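*Asks:* There's a structure below that I have some questions on.
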Amino acid sequence: MLTAIEKRRSIRKYKETPVSRELLEEILRAGMLAPSSKNRQPWKFVVTTGAAKRDGLAAMKKGLEREKVSPLLPESGCHLAGAYHTLEIMGQAPVIVWIVNPLGLDIHKVLDPEERIYEICNAQSVGAAIENMTLAAEELGLGSLWICDIYFAYEELQQWLGEEGELIAALAIGYGDEEPDKRPRKAVETVIAWRDGD
């Protein structure tokens, strides 16, 4: 597994080759094996291909267009062009998995401290599931892209999905048509603090 961690890349170019249901089920099972806070397993995976995928991308495009005139994320407008680019990448990938937290609270809800901690713990759990899926995809010779640009079109995608809970992310999966270089990481000394006690 350390090899998969070392080799994994965010893939932004995909071949048209379809991905078998058998491989997708293996990737999804890896997600379901992730640890979760209080074993809540706060995830649901909506797998889309073909026309269903195109419908999802149409909902996302509608949201990006709305974001130009009535932004949900006004301070993040500088990243909207990147979200359009992400939409193009999603169009290339044969599979888009939409990851939903069925226990999630509405993003407009003002949270008390306990609700906020609950949301943070569930978000960590879902993140672990997504990471498992990206590593499983790598092990199986597939590429993936963990996508958060969906938040620009949050309302439109929530309505399109029709799922209870909170849309957390999307994951593009397919056979990569690129081999990107390793991206730089922060220096070890800037992210690790050793505190030894007597």
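Just so it is clear, none of the values below were taken in a lab; they were calculated from the coordinates. Values in this document were obtained by computation on a predicted structure and should not be read as measured data. As a convention, Cβ positions derive from the backbone with ideal geometry for all residues, glycine included, and neighbour counts pool all protein chains shown.
*Asks:* In nm, what is the difference between 0.36 nm times the number of residues separating Ser76 and Ile192 and their Cα-Cα distance?
*Replies:* Length gained, Ser76 through Ile192: 38.8 nm.
*Asks:* Moving on to the next point. Compute the relative contact order of the chain as a whole-number percentage, counting only Cα pairs closer than 8 Å that sit 6 or more residues apart in sequence. Show your work: numbers first, answer last.
*Replies:* Numbers: 299 pairs, mean separation 75.6, N = 198.
Relative contact order of the chain: 38 percent.
*Asks:* Does the stretch 1-45 classify as rounded, prolate or oblate by the C-alpha gyration tensor (a ≥ b ≥ c root eigenvalues; a/c under 1.5 gives rounded; else a/b over b/c gives prolate, otherwise oblate)? Walk me through the intermediate numbers first.
*Replies:* Values: a/c = 2.34, a/b = 1.48, b/c = 1.58.
Oblate shape, in that a/c is at least 1.5 and b/c is the bigger or equal ratio.
*Asks:* Same structure, new question: What nm distance separates the two modelled labels at Lys61 and Glu164, each placed 7 Å from Cα along Cα→Cβ?
*Replies:* Each label point lies 7 Å from its Cα, and together they span 3.3 nm.
*Asks:* Among the lysines, which have Cα under 24 Å from the Cα of Lys44 when same-chain residues fewer than 8 positions away are ignored?
*Replies:* Lys53, Lys61, Lys62, Lys109
*Asks:* Could you state the number of Å between the C-alpha centres of the stretch 53-79 and the stretch 130-186?
*Replies:* For the stretch 130-186 versus the stretch 53-79, the Cα centre distance is 17 Å.
*Asks:* Based on the Cβ-Cβ distance of Ile5 and Lys109, what FRET efficiency does E = 1/(1 + (r/R0)^6) give at R0 = 30 Å, to the nearest 0.05?
*Replies:* 0.25
*Asks:* Put a dot 7 Å past each Cα toward the Cβ at Lys13 and Tyr175; how far apart are the dots in nm?
*Replies:* Spacing of the two 7 Å Cα→Cβ label points: 1.6 nm.
*Asks:* From the square roots a ≥ b ≥ c of the eigenvalues of the alpha-carbon gyration tensor of the chain, which class results: rounded (a/c under 1.5), prolate (a/b over b/c), or oblate?
*Replies:* rounded
*Asks:* Ok, one more. Can you give the helix-only mean residue ellipticity at 222 nm for the chain, where every DSSP H stretch with n ≥ 4 adds -39500 (n - 2.57) and the sum goes over all residues, rounded to the nearest 500 deg cm²/dmol?
*Replies:* Theoretical 222 nm ellipticity from helices: -14500 deg cm²/dmol.
*Asks:* Using only the Cα atoms of the stretch 102-164, build the gyration tensor, take square roots of its eigenvalues as a ≥ b ≥ c, and label the shape rounded, prolate or oblate: rounded if a/c is under 1.5, else prolate if a/b is larger than b/c, else oblate.
*Replies:* Oblate.
*Asks:* Taking the Cα centre of the stretch 1-144 as origin and charging only Cβ (+1 Lys, Arg; -1 Asp, Glu), how large is the dipole, in debye to the nearest 20?
*Replies:* 340 debye
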